[in-house]
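To keep things clear, I will list the structure first and then write my remarks on it.
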Amino acid sequence: MREYTDKIRQIARRLLEEGKVDRVIGFKKGSMPMMNEPCVIRRPQDADQLIWDGNCGINLANYLTGAKDKVGVVAKGCDSRNIVTHIIENKLDRDNVVVIGVPCQAMIDKRKIAAAVDGEISEVTETDDGKVVVRGNGFEKTFDRAETLQDNCAICVHRNPVICDEPVADPVPEQTDVDRYADIRAIDAMSDAERKAFFDDMFAECIRCYACRNACPLCYCPTCFVDESRPQWVGKGQDENDIRTFHFLRAYHCAGRCTDCGACERACPVGIKMRVLTRKLEKDCKELYGWEAGMSVDQRPPLDAYKPNDPDAFIK
Amino acid sequence: MGLEPGRLHFSWISSAESTKFARVAQEVTEAVKALGPNRHFLKEKAKVA
């Protein structure tokens, strides 16, 4: 990870010095362990603030929406696919963005680690041999890095950036033997009553803070449907139907666009696993249209292009 | 989502296909009536003292 950090700083400094970009968006160390902050670097001498480790899970494409200046951005595989999505949705000009591509070695899940230790964590370090060392008041515990990954990273099949102007390292091997949809198939197989109970349970904790929406690079509408009051599409309270309407509709707005970056689950303060919704749509898009979001700037997404052989079995 | 199959219908009907529209409307009504009243996704009226 140390090499990644050095290389990112070096690239950012050079881009700023040469005037190729007006700013570089990356990560700096957060004030709490496992909580790196997004940061914007505008002067070459500030480039040393940038870092890279397993806590850079926030999707930086979220800070690029509508950018009109020249921006350098540090991007993992999923971030780069969201940048592609921004480009095909005309939210970003390809010429305005310099992608500092990071072959991703997967992000660690702060909740998994916090749940596995007793007491407050003061320091988390990653070693070169694939361990995560967690220290706190009176304890020290070592984990295998592979056991601490975010759920979406564990099943990720696109770790390398799909567009990249400034590679930080050689590509990492992609995972090939993962089953992305085991849990989705289990939900598909449920009866109506079981599925309703599953979702009731899943959303029971939701406090409607909309952190999942705010963390998502796809959610850039000037006024979100949940904030509209004329007409008011969805009630604003804690009614279970309103909560469900919010989550289902939010997911549907991401159909054919979601790259499973996991920003929504990462941001959720109560730990709702809402990726099952977006992954169901991802699975449908893959099976019906052979589509994976954000893989190419030259292809139109299935939901904005008509093909005579589009599946239509559900239409009478 | 908790809605029974058969409660939600999709159809593609041109403005020139009046007979198809009538037939589909009939079929939808019959299918939904057969299911009975919807019990899911219903919002109770707020209880005011």
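A short reminder: the numbers here are calculations on the coordinates, not readings from a lab. None of the values given here were measured: they were computed from a predicted structure. Glycine also receives a Cβ, built like all others from the backbone with ideal geometry; neighbour counts cover every protein chain displayed.
General remarks:
- Using a 4.7 Å Cβ-Cβ cutoff, the cysteines of the protein assembly as shown lacking any partner cysteine are A:Cys39, A:Cys56, A:Cys104, A:Cys153, A:Cys156, A:Cys164, A:Cys206, A:Cys209, A:Cys221, A:Cys224, A:Cys268, A:Cys285.
- The calculated FRET efficiency for the pair A:Met35 and A:Gln175, based on their C-beta separation and a Förster distance of 41 Å, comes to about 0.95.
- Nitroxide proxy distance, nm - points 7 Å out along Cα→Cβ at A:Lys68 and A:Ala186: 4.9 nm
- Using the Karplus relation 6.51 cos²θ - 1.76 cosθ + 1.60 with θ = phi - 60°, the per-residue 3J(HN,Hα) values for the range A:233-248 come to 5, 9, x, 9, x, 9, 4, 4, 6, 5, 4, 5, 4, 4, 5, 5 Hz, with x marking Gly and Pro.
- Each Cα pair under 8 Å and six or more residues apart adds its sequence gap; the mean of these over the residue count of the range A:108-162 is a relative contact order of 30 percent.
- The slack between A:Ser229 and A:Glu205, meaning 0.36 nm per residue of separation minus the straight C-alpha distance, is 6.2 nm.
- Computed over chain A, relative contact order equals 16 percent, with contacts defined as Cα pairs under 8 Å that lie 6+ residues apart.
- Exceeding the 23 Å Cα-Cα cut-off - candidates A:Lys7/A:Lys28; A:Lys28/A:Lys283; A:Lys236/A:Lys286; A:Lys236/B:Lys43; A:Lys29/A:Lys110: A:Lys28/A:Lys283; A:Lys236/A:Lys286
- From the alpha carbon centroid of the range A:46-61 to that of the range A:132-209 is 19 Å.
- Seen against the Cα atoms of chain B and their longest principal axis, helix B:18-35 is set at about 30 degrees.
- Cα centroid separation - the range B:32-49 against the range A:63-95, whole Å: 44 Å
- Volume per residue of the convex hull around the Cα atoms, evaluated for the range A:180-300, comes out as 126 Å³.
- Near B:Ser11, the amide H atoms lying under 5 Å from its own belong to A:Lys316; only residues 5 or more places off or on other chains count, and H is placed 1.01 Å from N.
- Beta bridges per DSSP, both residues in the protein assembly as shown: antiparallel share near 60 percent.
- Cβ-Cβ FRET estimate between A:Val297 and A:Gln45, R0 fixed at 30 Å, reported to 0.05: 0.35
- Under the combined filter of DSSP loop state and at most 10 neighbouring Cβ atoms within 10 Å, chain B retains these chymotrypsin sites (Phe, Trp or Tyr not before Pro): B:Trp12.
- Residue-wise HN-Hα coupling along the range A:198-206, computed from phi with Karplus coefficients 6.51, -1.76, 1.60 (Hz; x: Gly, Pro): 4, 6, 4, 5, 5, 8, 4, 8, 4
- Longest to shortest principal axis, alpha-carbon extents of the protein assembly as shown, angstrom: 71, 50, 47
- Contour minus Cα-Cα distance for A:Ala193 and A:Lys141 (0.36 nm per residue): 14.5 nm
- Under 5 Å between amide hydrogens, built in the peptide plane, is the criterion, and for A:Gly72 it picks out A:Asp22, A:Arg23, A:Val24, A:Ile25, A:Val98 among residues at least 5 positions away or on other chains.
- For the range A:138-171, the residues whose backbone nitrogen is under 11 Å from a point 7 Å from the Cα of A:Met1, taken along Cα to Cβ, are A:145.
- Taking 0.36 nm per residue of separation and subtracting the Cα-Cα distance, full extension of the segment from B:Glu30 to B:Met1 would add 8.2 nm.
- Sequence-separation-based contact order of the range A:180-300, relative, with Cα cut under 8 Å and 6+ spacing, percent: 29 percent
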